[in-house]
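Submitted below is the structure of interest, expressed as structure tokens.
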Amino acid sequence: MVVGGGAADLTAAMVLLRARRLVAVVDAGAPRNAPAAAMRGFLSRDGMSPRDLVTVCRGEVAGCGGTLVDGTVASAQPGFHARLADGTELWARRILVATGLRDEVPDIPGVRERWGRDLLHCPYCHGHKVRDQPPCCSHTGCERGVS
Ligand SMILES: Cc1cc2nc3c(=O)[nH]c(=O)nc-3n(C[C@H](O)[C@H](O)[C@H](O)COP(=O)(O)OP(=O)(O)OC[C@H]3O[C@@H](n4cnc5c(N)ncnc54)[C@H](O)[C@@H]3O)c2cc1C
């Protein structure tokens, strides 16, 4: 059982399938980069929507015999016995957890809404694209009015 269905999890699932393991991928469908419209710095996929990447990868994992389960693993006991948030139960010989990171953004009005869109944290994913631009934007209410 692979817990999580992002790029890391689906890559792991693919490798396990190619080692002829039976694999179920359980994914809650909330990847870290959900606010981003496009991926950068990912060779051969520059500008691709991260959602589209996951869709393609899910198709490849399913095509290789993997089982995709939409849901959230709420608990897991040695053995392994996992219970999903909707009450579904799953059993597996091994569990691989790759549930990603969750960004804790400052509790400032507007920050969560703008996170990953025009409030940019990563010099590689976004910074390069806005290099040499004035440190302001054209969002509604911007006092400096630089676009
Ligand atoms: C705004 C933003 C933009 C970014 N842009 C880029 C970029 O341009 N290029 C780049 O290379 N990287 C980018 N990143 C980084 C990129 O998002 C991460 O490196 C990548 O998503 C990590 O993949 P992952 O599979 O580890 O985790 P994730 O993609 O976060 O996937 C983890 C999955 O696990 C699921 N999950 C969590 N808990 C459970 C549970 N209990 N049960 C079931 N499922 C669960 C989540 O719902 C999620 O679907 C960006 C990040 C952010 C925040």
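Need the failing condition index for residue 108 against (1) under 23 Å from residue 8 (Cα atoms); (2) over 23 Å from the mean Cα position of the chain (by Cα), just the number.
(1)
The rows are residues; the columns are (1) outside any helix (DSSP H, G or I); (2) modelled with pLDDT of 95 or more; (3) in the same structural domain as residue 33 (by TED's automatic domain parsing).
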site: 54; (1), (2), (3): no, yes, yes
site: 57; (1), (2), (3): no, yes, yes
site: 62; (1), (2), (3): no, yes, yes
site: 90; (1), (2), (3): yes, yes, yes
site: 93; (1), (2), (3): yes, yes, yes
site: 124; (1), (2), (3): yes, no, no
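If we keep just the residues of the stretch 18-39 that are within 6 Å of the ligand (Cβ to nearest atom) and farther than 15 Å from residue 101 by Cβ, which is surrounded by the most Cβ atoms within 10 Å (Cβ to Cβ)?
So the first thing to find is which residues in the stretch 18-39 are within 6 Å of the ligand (Cβ to nearest atom), and the list is 26-33, 35-36, 39.
Those still in the list that are farther than 15 Å from residue 101 by Cβ too: 26-27, 29, 39.
Working: 26: 24, 27: 22, 29: 12, 39: 18.
That would be 26.
Can you spot a residue in the stretch 3-17 that is surrounded by 16 or more Cβ atoms within 10 Å (Cβ to Cβ), within 7 Å of the ligand (Cβ to nearest atom) and either aliphatic (A, V, I, L, M) or more than 27 Å from residue 122 (Cα to Cα) (or both)?
Going residue by residue through the stretch 3-17, those that are surrounded by 16 or more Cβ atoms within 10 Å (Cβ to Cβ) are 3-7, 9-10, 12-14, 16-17.
Pick out the ones that are also within 7 Å of the ligand (Cβ to nearest atom) and you get 3-7, 9.
Checking which are either aliphatic (A, V, I, L, M) or more than 27 Å from residue 122 (Cα to Cα) (or both) leaves us with 3, 7.
Yes: the stretch 3-17 contains one or more residues that are surrounded by 16 or more Cβ atoms within 10 Å (Cβ to Cβ), within 7 Å of the ligand (Cβ to nearest atom) and either aliphatic (A, V, I, L, M) or more than 27 Å from residue 122 (Cα to Cα) (or both).
Further question on the same structure: Condition check: under 19 Å from the mean Cα position of the chain (by Cα), part of a loop (DSSP other than H, G, I, E, B) and in contact (Cβ under 8 Å) with a residue 12 or more places away in the chain. Does residue 39 satisfy that? Outline the logic, then answer.
Values: under 19 Å from the mean Cα position of the chain (by Cα): yes; part of a loop (DSSP other than H, G, I, E, B): yes; in contact (Cβ under 8 Å) with a residue 12 or more places away in the chain: yes.
Judged against the criteria, residue 39 is a match.
Out of the stretch 105-120, which residues are among the aliphatic types (A, V, I, L, M) and within 12 Å of the ligand (Cβ to nearest atom)?
Once the filter is applied, which keeps residues that are among the aliphatic types (A, V, I, L, M) and within 12 Å of the ligand (Cβ to nearest atom), the stretch 105-120 yields 105, 119, 120.
Taking into account only those residues within the stretch 43-61 that are surrounded by 14 or more Cβ atoms within 10 Å (Cβ to Cβ) and among the hydrophobic types (A, V, I, L, M, F, W, C), which is farthest from the ligand (Cβ to nearest atom)?
For the stretch 43-61, the residue satisfying everything is 61.
The values are calculated or read from the model by the stated rules, or taken from the named source; none is laboratory data. Small disclaimer: the values here were computed from a predicted structure and weren't measured. Cβ sites come from the backbone with ideal geometry, for glycine too, and all protein chains shown count toward neighbours.
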